[in-house]
Every structure is written in C-alpha cells, then in structure tokens.
There are 2 protein chains.
Amino acid sequence: MKTLPLDHFRTQFDQLLLSEIRNSTSDKDLVNAVVYTFEAGGKRLRPYLIRCLCDELSLGRNVADSLGKAVEVFHTGSLIHDDLPALDNDDLRRGQPTLHKVFGEEVAILAGDFLLVHPVRILLRSSIDRERLLSVIELWTETSLTVIEGEFLDVTFQDTKNEKTLEEVHKKKTGELFGFCFAAPVLCAGEKETASQMLALGRDFGIVFQIADDIKDMTATRATLGKTPGKDALLDRPSALNVMDLTQARKVIDKKVRRLLEALPYEGFRDVIEHLCKQIVSK
Amino acid sequence: MKTLPLDHFRTQFDQLLLSEIRNSTSDKDLVNAVVYTFEAGGKRLRPYLIRCLCDELSLGRNVADSLGKAVEVFHTGSLIHDDLPALDNDDLRRGQPTLHKVFGEEVAILAGDFLLVHPVRILLRSSIDRERLLSVIELWTETSLTVIEGEFLDVTFQDTKNEKTLEEVHKKKTGELFGFCFAAPVLCAGEKETASQMLALGRDFGIVFQIADDIKDMTATRATLGKTPGKDALLDRPSALNVMDLTQARKVIDKKVRRLLEALPYEGFRDVIEHLCKQIVSK
C-alpha cells in the first residue's frame, strides 16, 4: 500500500477543519477565535493516523474525516485551556501567540469549552453506521473524559518525580487520544475485539510520542519547537526526563516501538507507524 | 396529580449527584472539587422539571434521574467557568466562596471541562430506549453547544443596551437548557412532534426565568441572593432591565406565563409550571 504523505494530508485536512468551524456556529467572534487557533497549524498527526487506518479498512472518506475532525477539534480545545495563565501560562503555541494572548482569557475559556463539546456533534452527523455509532460515541466520551482527568492530574499532582503518577499522566493525557485514533476506525468497521487490541496499542504509541516530546522539550530551541522550550523543567511539570536520562528515554522508546510494530494487526498501518516512529525518534 | 414538592425532590437528587461524581472518576482531587460545588447546593429546578414531566409520561425513574443529572452536571460546569476571574469574576455562588477561590483557577477550569463533557456518558449509561438514545444525545449536544455560544456572546458583545442581542443571549444561555428539560422526556417517550413543541415552550419558560432572575439581581440583597447582587449593572452585562424598567419586566413575565400555560399539552406538568411561575414572580 502506498503511504499517504503527512504534508499532503495536512493541507487537505486543514481546509476541512476550517470549514467545520465556519459551519458550526453563526457567532463570528467565536469562528474568528477558533480559526485563529486552527490557522496556527499543527501536525494533524492524530487525524492522519485515523485516515491511514480508515483507508486500509476501506471505510468511506466521510468516516475518516469525521473521526479525524472530532479528535483534532477536541485536541485543539484542550490545548487552548492548557495554555491559559492558570495552567501552563504559555505565550506561544505552534510559533504563534496563544489564543488568550490575542483574544483574551474569557474568549479562550469559552472557545475551548465549545471545542471540547463539539466532537459529539461531528460524530452524530457522520456517515458512521448507525448500529455502531453509539459504541463510537461511547469510546469517544470515555476518551475525552480520561484526557481531561489526565490534565487535571498533570496540574494537581505534587510529586513530579513519582514514576507511577508520571506514567498515569502520560497515559491519560496523551496515550488515550491515540488509543481512540487506533481503535475508532476498527470499531466503525464492526471489528469489536480487534478494536480493544488497537486501543491498547494506540495508548502505547501515545507514550512513545510523549517521551519523544519530552526529549524535544529539553533539547530543542524555541525556533524549531514553535513554543517555549524547557517549560516542563521550569514549571516542574511531569516529564519522562524527570525519572530517566536521555539515553534511557531513547532506549525505552526503541523497545516500545519494536513491541508495537510486532503486535499491529494491519500491515499498511504498521508501515505508517514504522515510518512515523523513525521520524519521531530521529528528531 | 399530586405535585412533588421541590424541597423533597432536591434532598433526594443531591444524593444522586454526589454519588454520580464519586463514581465518575478515581481522581480524589477532582471528586473533592466537584463535590464542593455540588454541596454548595442549588435550586435543582431543571432536574425537578424533568422529573415531574417524566412522572407524568410514566417514564422510569432511571430516565428522569439520568436526564436530570446530565442537565445539572453541565449547568454546574458552566457556572464554574462563568464565575472565573476572566469571566464574571464572582467570589460567591449560592452563598459559598466559588470553586476557584477555594481550589484555584486551574482546578476550576479543568473540573468545569470534565462536567461539560460528562453528561453524554450519563445519557449513554441510562436506560433510555436505545432506538431513541441517538436523538436524545443529538438534542443534548445541540443544547450544550448553544448554551456555550450564549455564554460566549454574553462576554463578547459590546452593546448591552441592544434589545435583539440581549434576547439572543437570554435565549441561548438560559432558554436552551430549559428547552431540553421540556423536550427530552417527551423525546424519550417517543413523541417526536410534541417534543418540538415542548422545546419551544421550555425556551419560553427559560426567558421568564431569566427576566425574573434579572429582577432579583437588581432588587435582592447579598443574603437572600447567595451571590453578589447588582453584578449585571456593575459589569454592564446583559440584563432585561437594560432595555425595560421593573414594571415593564413584570408585565412581560405575566404575558409570557399566560401564553405558556395555555399552550402546555400536559396537565400535571402545567400545574407544576403554574405553581413555579407564581413563586418566581412573587420573589
């Protein structure tokens, strides 16, 4: 199977995201605020994974787009809240001033709220098989609640050197959304049992992604990162590098990636993940 | 039909709310924050209306409880965000210090997020007929998005003397949730057409409730209000009393109540609404 290039996908998908929000509300100020955030860009890695898997499962484009938009809309809403002064207090996101810096905190809080709730509407309006839609909405709701729990734990837990809590934050805050990306297309295809297996594998991929991100946060410059580097250490926030050094972290990633590739049941998707992991680790 | 007393209902329902949140997450800090907010109390008027209507429609107790919890959980989440310094900056809610004053803004933002997303889980786990559940979740999602749009408009619109925008804020921010309370039980009973009619009547009741609330905000004392009185005028926020005086406002309420009572298709529920309107207006 020829792998869809991420850059190519991103260009198409960004148009979909913009059109989704423009059609979602008649409030122009709300649209402007959200469009600002979407236009700052983003890797769109989560919807990309969904699209690749949906293609392999021969699910229609609408299913891929709907699942992808749901995930990215929520993810964007959760980043908007994450950047707020009371949380990470970040002035930069994807190289641009954060939403609250430009539009004010009140707009950031409520635009975030809108994006956190909106995904269910996207799923309801999708062409996902009606018989399977309730299971997909259920998986989605559990996923989104777990991500919020992860963020809650992230800002409230005190002992940032505690390996167990650190792992829980990463699993909930990052792993869970990737779990959904791996499992939801399989659920839409009606393969319930494989969906459970994929949920676990997606969570593992999320951990790899998070550790790689923590490494980047420590080693990158502001220009390459697009946000303030070294924030984790500065804010004493949970980073994998609180409990292991760089060499150990890279070893953990290698081991997890090997296991993941062995276990993935879809060949084309495995190629995609292998390719992505090489890129993530080399950065 | 003998009308269920609101005070009696509230005592039972508060126990349900507490048990819902205690079972919703293993994060004790999150539970503590939400329990704090629930324990500050609240009229529980929305779940009460749902319960009365569900009783008249002979829907099971689980349906009434689930719909009621969904609405009240969301409403509580939205009040938590509403009270934040960047929005209404309110130190008191229901006579108690607001959540962010006690637990910090970061906890208030994320606990609010959790409560805004949680209702879909409550609906999914309810005993609402599976055939009708998608329609109920759809109505719920549209309702919650509209409420957030209303709050967004509330904090972003400049001309607080503009009657049209003021009406839109009230309709979206307050009317919509009452619309759900009137319509959702009817939808659960499978009466789709009457549900549309009830949606409109519930929105009207919401407007009556909002105007009465605006009157209270201007005339009450801190002790009877349980929150800071006169905030609307102080913050130049949309209040019905920006565009009409007290006498006019009371006349509008009277007229709307009369029309509402004439149009309500359920006799027992009409008695409940009549009784409530008398209380609301006399305060």
Taking segment A:120-135 and keeping only residues that are more than 9 Å from every other protein chain (Cβ to nearest Cβ) and in contact (Cβ under 8 Å) with a residue 60 or more places away in the chain, one is left with A:122, A:126, A:127, A:128, A:129
Selection over segment B:166-177 where residues are within 22 Å of residue A:23 (Cβ to Cβ) and surrounded by fewer than 20 Cβ atoms within 10 Å (Cβ to Cβ) yields a count of 1
Within segment A:59-87, the residues that are in contact (Cβ under 8 Å) with a residue 40 or more places away in the chain and small (Gly, Ala, Ser) are A:60, A:64, A:66, A:68, A:70, A:77, A:78
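So if I check each of A:95, A:60, A:42, which one is at pLDDT below 95, crowded, with 17+ Cβ neighbours inside 10 Å and more than 29 Å from residue B:157 (Cβ to Cβ)? Give the derivation first.
Details: A:95 fails: crowded, with 17+ Cβ neighbours inside 10 Å; A:60 fails: crowded, with 17+ Cβ neighbours inside 10 Å.
When all the criteria are applied, what remains is A:42.
Are any residues in segment B:90-109 within 14 Å of another protein chain (Cβ to nearest Cβ) and in contact (Cβ under 8 Å) with a residue 24 or more places away in the chain, and if so, which ones?
Keep residues of segment B:90-109 that are within 14 Å of another protein chain (Cβ to nearest Cβ), which gives B:90, B:98-109.
Passing the criteria: B:90, B:99, B:102, B:103, B:107, B:108, B:109.
Looking at the structure I just gave you, is residue A:150 of a type in the set (Gly, Ala, Ser), without any contact (Cβ under 8 Å) to a residue 60 or more places away in the chain, surrounded by 20 or more Cβ atoms within 10 Å (Cβ to Cβ) and more than 14 Å from chain B (Cβ to nearest Cβ)? Full working, then the answer.
Numbers: of a type in the set (Gly, Ala, Ser): yes; without any contact (Cβ under 8 Å) to a residue 60 or more places away in the chain: yes; surrounded by 20 or more Cβ atoms within 10 Å (Cβ to Cβ): yes; more than 14 Å from chain B (Cβ to nearest Cβ): no.
Against the criterion (of a type in the set (Gly, Ala, Ser), without any contact (Cβ under 8 Å) to a residue 60 or more places away in the chain, surrounded by 20 or more Cβ atoms within 10 Å (Cβ to Cβ) and more than 14 Å from chain B (Cβ to nearest Cβ)), residue A:150 does not qualify.
Surrounded by 18 or more Cβ atoms within 10 Å (Cβ to Cβ), within 14 Å of another protein chain (Cβ to nearest Cβ), acidic (Asp, Glu) and more than 18 Å from the chain's Cα centre (by Cα): is that true of residue A:55 in this structure? Step through it out loud before you land on a result.
Numbers: surrounded by 18 or more Cβ atoms within 10 Å (Cβ to Cβ): yes; within 14 Å of another protein chain (Cβ to nearest Cβ): no; acidic (Asp, Glu): yes; more than 18 Å from the chain's Cα centre (by Cα): yes.
Against the criterion (surrounded by 18 or more Cβ atoms within 10 Å (Cβ to Cβ), within 14 Å of another protein chain (Cβ to nearest Cβ), acidic (Asp, Glu) and more than 18 Å from the chain's Cα centre (by Cα)), residue A:55 does not qualify.
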Within segment A:192-202, the count of residues that are free of Cβ contacts under 8 Å to residues at least 40 places away in the same chain and over 20 Å from residue A:45 (Cα atoms) comes to 2
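Tell me the residue from A:117, A:155 that is closer than 27 Å to residue B:32 by Cβ, out of contact with any His (no Cβ under 7 Å at 6 or more places or on another chain), modelled with pLDDT under 95 and facing chain B (nearest Cβ under 9 Å), please. Give the derivation first.
On the way: A:117 fails: modelled with pLDDT under 95.
That would be A:155, the only listed residue that is closer than 27 Å to residue B:32 by Cβ, out of contact with any His (no Cβ under 7 Å at 6 or more places or on another chain), modelled with pLDDT under 95 and facing chain B (nearest Cβ under 9 Å).
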Condition set out of contact with any Ser or Thr (no Cβ under 8 Å at 6 or more places or on another chain), part of a helix (DSSP H, G or I) and touching a residue at least 60 places away in the same chain (Cβ under 8 Å), scope segment B:158-181, selection farthest from residue B:215 (Cα to Cα): answer is B:181
Check: Out of all the residues in segment B:158-167, is one or more at pLDDT below 95 and touching a Phe, Trp or Tyr at 6+ places or on another chain (Cβ under 6 Å)?
Finding: yes
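Have a look at B:37, B:11 and point out the one that is surrounded by 19 or more Cβ atoms within 10 Å (Cβ to Cβ), away from chain A (no Cβ under 14 Å) and farther than 26 Å from residue B:183 by Cβ. I'd like the intermediate steps shown before the answer.
Numbers: B:11 fails: surrounded by 19 or more Cβ atoms within 10 Å (Cβ to Cβ).
Exactly one residue qualifies, and that residue is B:37.
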Checked against (1) within 10 Å of chain B (Cβ to nearest Cβ); (2) touching a residue at least 40 places away in the same chain (Cβ under 8 Å); (3) buried (at least 23 other Cβ atoms within 10 Å of the Cβ), residue A:141 satisfies every condition except (2)
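The values are calculated or read from the model by the stated rules, or taken from the named source; none is laboratory data. Note that the coordinates shown come from a computational prediction; the quantities given were computed from them, not determined experimentally. Neighbour counts run over all protein chains shown; Cβ positions are idealised from the backbone, glycine included.
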